[in-house]
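Please treat every number below as a calculation from the coordinates, not as lab data. This one's a predicted model, so the numbers in the text were calculated from it and none came from an experiment. Please note: Cβ atoms are built from the backbone with ideal geometry, for glycine as well, and neighbour counts cover all protein chains shown.
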Amino acid sequence: MKLSRAISCLFSINSCSMTPTKRPLKNLIIRQYVKELHTYHIRDESYSGPVQQRLLSLLLKQPTRCQCLQIHSQFITTGLHQCKIDNTGMMIWNMLLREYSLDNFPEEALELYKQMKETLASSYSSSLADSFTYSFLLKACASSHQPIKGNQVHAHIFKVGFGFHLYVQTALVNMYSICGCLGEAKRVFYEMPERNSVSWNSMITGLTNWGELNMAQALFDDMPNRTVVSWTVMIDGYTRMNRPLESLIYFCKMLVEDGIKPNEITILAIFPAISNLGLLEFCQSIHAYSEKNGFMASEIRITNSLIDAYAKCGCIESAFRVFEEVSTERRSLVSWTSIISVFAMHGMAEEAVKWFEEMEKIGLRPNRITFLGVLNACSHGGLVNEGLKFFYKMVSEYGVVPDIKHYGCLIDMLGRAGRLDEAEKMVLKVPKDVINVVVWRILLGACSFHGNVDMGERVMRKILEMERGYGGDYVLLSNIFSSVGRYEDAERVRRLMDERNAFKIPGLSLI
DNA sequence: TTAGGGTTAG
């Protein structure tokens with residue numbers, strides 16, 4: 001593709017509305033465009049200092065993706081990149097690198113570095129890169145998950161003398177951690193002649209993200225100056241490992257031991273732990289704290305999480321009040337999805353449907369999670385026909401491809417309502433690449449509940465083709481036989497269960 | 001005229 005053609009494609013795409021389906025196409029054109037720029041050579045070596053200044057100041061103002069491409073284009077096609085490179089020129093290269101590595105174009109960032117090196121080598125520049133260059137380059141390796149490339153950059157960094165630079169080493173720890181190379185990350189970390197809190201936090205984050213909580217905790221205990229980021233990383237780490245109590249203990253220790261105040265991100269991290277333990281009072285305190293510190297006004301995600309947490313702590317009134325207090329303009333798709341799911345969770349199907357329709361009225365497009373919420377509501381509230389309508393609407397009107405959870409929901413809904421034939425037809429319609437044993441199991445449950453022996457046997461055969469070791473399936477089939485008085489068959493299934501060493505732990509309830 | 005750009009939590 002010629003440069004002029006790439007530019008016209010780029011701008012024509014940019015001027016129309018950017019739907020998710022068009023985004024990959026735009027990215028492809030951007031990639032092609034940058035590739036063209038990399039092969040563009042001109043020989044105009046007139047000094048244009050003021051133009052460089054102008055380009056740099058534009059880059060420093062956080063340009064959009066398109067503006068950045070325009071700046072890059074001007075830098076190359078006017079030959080400015082080949083002019084005498086002073087600090088301004090170096091900064092233009094670095095800022096372009098930064099934009100590409102942060103904006104999910106890591107390959108372009110790496111290509112740009114190659115071009116930068118070649119160009120600077122043939123100009124009057126005294127150095128080919130600085131510590132900023134390598135920080136951005138490592139960011140690109142990290143975001144594209146390319147540890148091998150990162151490792152090559154690491155070797156190069158040593159060669160050019162930045163091997164023990166604080167920022168570069170921290171970026172190395174971060175790159176290796178993100179790519180899952182924890183051994184390498186630790187090696188760099190322990191070799192660092194000096195570390196700041198960011199270096200420590202990067203290492204601890206790497207460990208928690210890969211499940212090494214004990215090691216992370218040991219490092220956290222050794223850390224000289226813990227910041228709110230360090231605490232948030234630990235809180236989030238414990239929550240993700242399904243250890244909510246420890247997560248809350250860290251939250252309290254942060255306040256009491258270090259006197260550090262939680263920020264928006266800490267608050268977002270603590271919500272799953274509160275919901276998991278159903279601590280309504282804790283939820284209320286966090287609500288009050290967020291209100292007092294202006295987090296509710298500044299961060300819609302806190303409001304959304306609060307809606308979900310209140311509902312999971314059993315207080316639907318508070319969840320709804322929080323939703324109602326947000327103006328329609330501020331409500332995001334997640335806010336709407338949260339309130340719909342909250343009603344679904346509490347079996348309030350009509351309310352869920354009502355708010356789904358309200359959302360549509362203001363022109364918001366529901367996504368797959370929103371539909372999962374409303375389908376769940378219909379399933380639990382027995383609104384079968386409405387549920388089917390929503391499912392078809394999702395596919396035909398909104399173009400959402402149903403995943404296994406949508407099918408599961410629908411099959412559960414038909415099964416609960418006793419519409420077993422339709423449920424079976426639906427299971428048979430699930431595409432081969434997404435089907436799993438769970439949807440068959442849902443149907444078996446419905447057969448058991450409604451005492452349909454023939455279908456139960458048929459479904460069980462399907463299940464056994466896929467998985468033989470789940471005791472619950474044998475128990476259900478055996479119960480189906482018992483319910484119609486076929487005790488010998490029930491006994492046979494129980495024996496089969498023993499022969500195949502399929503266990504079922506008896507359920508228990510604390511209520 | 002000069003400074004300006006970097007690494008961490010979701």
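Summary of values
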{"quantity": "Sorted by Cβ density within 10 Å, fewest first, the residues A:283, A:313, A:252", "calculated": "A:252, A:313, A:283"}
{"quantity": "Equivalent ellipsoid semi-axes - Cα gyration tensor, the range A:195-277, angstrom", "calculated": "19, 15, 10"}
{"quantity": "Between 0 and 90°, nearest 10: helix A:244-256 axis offset from chain A longest Cα axis", "calculated": "50"}
{"quantity": "Sequence-distant aspartates and glutamates (8 or more away, or on other chains) whose Cα lies within less than 13 Å of residue A:354", "calculated": "A:386"}
{"quantity": "Stokes-Einstein D in µm²/s, Kirkwood radius over Cα pairs - the range A:160-213 at 20 °C with 1.002 mPa s viscosity", "calculated": "199"}
{"quantity": "Expected 222 nm ellipticity per residue - DSSP helices of 4 or more, -39500 (n - 2.57), all of chain A, to 500", "calculated": "-23000 deg cm²/dmol"}
{"quantity": "Positive-pole candidate from A:144, A:288, A:437, dipole of chain A, charges at beta carbon", "calculated": "A:144"}
{"quantity": "Under Karplus coefficients 6.51, -1.76 and 1.60, residue-wise ³J(HN,Hα) of the range A:186-197 in Hz, glycine/proline x", "calculated": "5, 4, 4, 4, 6, 7, 5, x, 9, 10, 10, 5"}
{"quantity": "Nearest-ten-degree value, helix A:420-429 long axis tilted from longest Cα axis of chain A", "calculated": "30"}
{"quantity": "Loop chymotrypsin sites (Phe, Trp or Tyr not before Pro), the range A:81-125 (other Cβ atoms within 10 Å of the site Cβ: 13 or fewer; DSSP)", "calculated": "A:124"}
{"quantity": "At most 12 other Cβ within 10 Å, DSSP loop - chymotrypsin sites (Phe, Trp or Tyr not before Pro), the range A:281-348", "calculated": "none"}
{"quantity": "Mean Cα-pair separation over length for chain A, i.e. relative contact order, pairs under 8 Å, 6 or more apart, %", "calculated": "5"}
{"quantity": "Listed pairs A:429/A:504; A:139/A:393; A:186/A:261; A:312/A:462 exceeding 32 Å between Cα atoms", "calculated": "A:139/A:393; A:312/A:462"}
